[in-house]
Amino acid sequence: MYDLLVSPPFQIVALGVAGIITWHLQGRGRPNARLIVQIAFFSTMTAILFGNGISPDRFEPEGGGMLLAAKMLWWVHLAWAVIGFIRIYIVLDGRPREARLLQDLIIAVVYLGVMLSVLAFVFGFAIGTLLATSGVIAIILGLALQSTLNDVFSGLALTLGRPYGIGDWIILSDGTEGRIVETTWRSTHILTPANNIVVLPNSFLAKIGLTNISRPDETHQVVLTLRVKPTRTPAFVVETMQQAMIGANNIVHDPAPVVALKGVDAFAIEIDLQFRVRHPADRIPAKNELLDLAYRQCMATGIFLALPSSSAILIDNLDAGRALPQSLQEVLQSSPIFAGLKQEELQKLEASATLRRYAPGDLFFHGADNTPGLMIVHSGAVSALCDGMEVLRLAPGAIFGQIDGIVRQATEYEALTVLEAYEIDGVALVSLLGNHPEIQENLTRHLSSLARNVAATDNPPVPAGHASILRRTVQGLLGR
């Protein structure tokens, strides 16, 4: 019994079993510790094996069952040590999910090699005959699984080429687009904007053209085409659309958006609004916002939108359709806050208003002045600042100011473009609020919603306490 316990094969078997138990106790959350333990046990087993003149790559039928078990455990530990090293270090650019397919293939090769080695060196099987037989079987299986193997090797090519990774947003040449959420041996899973999973075979992705809009970053250019009547010069139209785009909050302003003239004829000036969004999912909100801003800017500056180019309509006199700049009454009526006012009340507000003009960079409406009043943007764009930090951009139709003598703290506003804004007298405003308390209530409700929208955007963070300041004052974007 003592001779059995001190025999090298028994020691190797004991170490092999202890290594398996320790490996499982380490848990999957500690891959480095697992690998160190595995290498330590395997090194000790190797030292005992070769130290006693036992060769694991030579079949010894007279060795007995203990020696067979020792050799088999040695080969198993060799496979696990190699696989542990592969899982930790053979990873493409530190991205294990993208490298999973390649890892799985290497691990399968390691297991196959160890299995054949155990059959040949431990149990004495004739591997040559087995390989010859398996070669014929492999040809048959290859023909039967041709489509599946095509997907597998296409997946390997995509993994090594890395045209995309997990989390990237891609657009295929057939119009399919979405975010990569998973790659497997046979297919790639794409989460579409409609919140559906599209499963595409890897062989299909290897053949079709795709655009990865997540690289080098997720900012994405969008082009919005507009047609306006040629009642103003193209330069004036370009300047007007640039002012509209500067007031947008859902687009990227660095690099600055561009207005490109596509063409001009007797019926229309065609322009492209070229801008970037922060994420592909922001395209629809950005388009909606810019369409609204462009429409308001056209109304404020007397520009008509043109009919589609497919409409065969003869216009005899272009000047007959020249638009007039939008009046303050029209601006107020377009806002859901003031839409319920009577005509005489709108006229009183318009009579008490003064049209102010500011150059780009001008600061105005400082917090030191606590006089009640409102300012309504007629044309141009405004940046709302708090402690020198931009928290929001305001466009035509935006209304901001204060009521009831509430202190606005240190908030001020900066003109981003040539700006025209109506300033409503505080006395007329107080009289209006006294007769219509629902207007003040609606303004407060809009401000609360606006504060939540500001906090949810990717703009620079709002300083602490600013959301509560906004709720207590009448500064915000209305009618958008």
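The values are calculated or read from the model by the stated rules, or taken from the named source; none is laboratory data. All of these numbers come straight from a predicted model, not from anything done at the bench. Positions of Cβ are backbone-derived with ideal geometry, glycine not excepted, and every protein chain shown enters the neighbour counts. The area values use the complete protein model at the heavy-atom level, side chains included, leaving out ligands, DNA and RNA. Shrake-Rupley method; radii C 1.70, N 1.55, O 1.52, S 1.80 Å.
Taken over segment 215-228, residues that are open to solvent by 40 Å² or more (accessible area, probe 1.4 Å) and either touching a residue at least 40 places away in the same chain (Cβ under 8 Å) or in a strand (DSSP E or B) (or both) amount to 7.
Does Thr211 satisfy being open to solvent by less than 50 Å² (accessible area, probe 1.4 Å), in a strand (DSSP E or B) and either among the aliphatic types (A, V, I, L, M) or touching a strand residue (DSSP E or B) at 6+ places or on another chain (Cβ under 9 Å) (or both)? Even if it seems obvious, please write down each step before you answer.
Details: open to solvent by less than 50 Å² (accessible area, probe 1.4 Å): no; in a strand (DSSP E or B): yes; either among the aliphatic types (A, V, I, L, M) or touching a strand residue (DSSP E or B) at 6+ places or on another chain (Cβ under 9 Å) (or both): yes.
For Thr211, the condition - open to solvent by less than 50 Å² (accessible area, probe 1.4 Å), in a strand (DSSP E or B) and either among the aliphatic types (A, V, I, L, M) or touching a strand residue (DSSP E or B) at 6+ places or on another chain (Cβ under 9 Å) (or both) - is not met.
The set of residues from segment 229-264 being exposed (fewer than 15 other Cβ atoms within 10 Å of the Cβ), of a type in the set (D, E, K, R) and within 15 Å of Phe304 (Cβ to Cβ) is empty.
Could you tell me whether any residue of segment 144-159 is within 24 Å of the chain's Cα centre (by Cα) and modelled with pLDDT of 80 or more? No: segment 144-159 contains no residue that is within 24 Å of the chain's Cα centre (by Cα) and modelled with pLDDT of 80 or more. Across segment 375-393, the qualifying residues are those that are under 12 Å from Gln297 (Cα atoms) and in a strand (DSSP E or B), and the one among them that is farthest from the chain's Cα centre (by Cα) is His378. Within segment 58-82, residues that are assigned to a helix (DSSP H, G or I) and open to solvent by 30 Å² or more (accessible area, probe 1.4 Å) reach partners that are modelled with pLDDT of 80 or more and among the polar types (S, T, N, Q) with beta carbons closer than 9 Å, at six or more positions or on different chains, in the pairs Leu78/Thr46.
Taking segment 326-348, which residues are among the aliphatic types (A, V, I, L, M) and crowded, with 16+ Cβ neighbours inside 10 Å? Lay out the reasoning, then the answer.
Going residue by residue through segment 326-348, those that are among the aliphatic types (A, V, I, L, M) are 328, 331-332, 337, 339, 341, 346.
The answer is Leu328, Val331, Leu332, Ile337, Leu341, Leu346.
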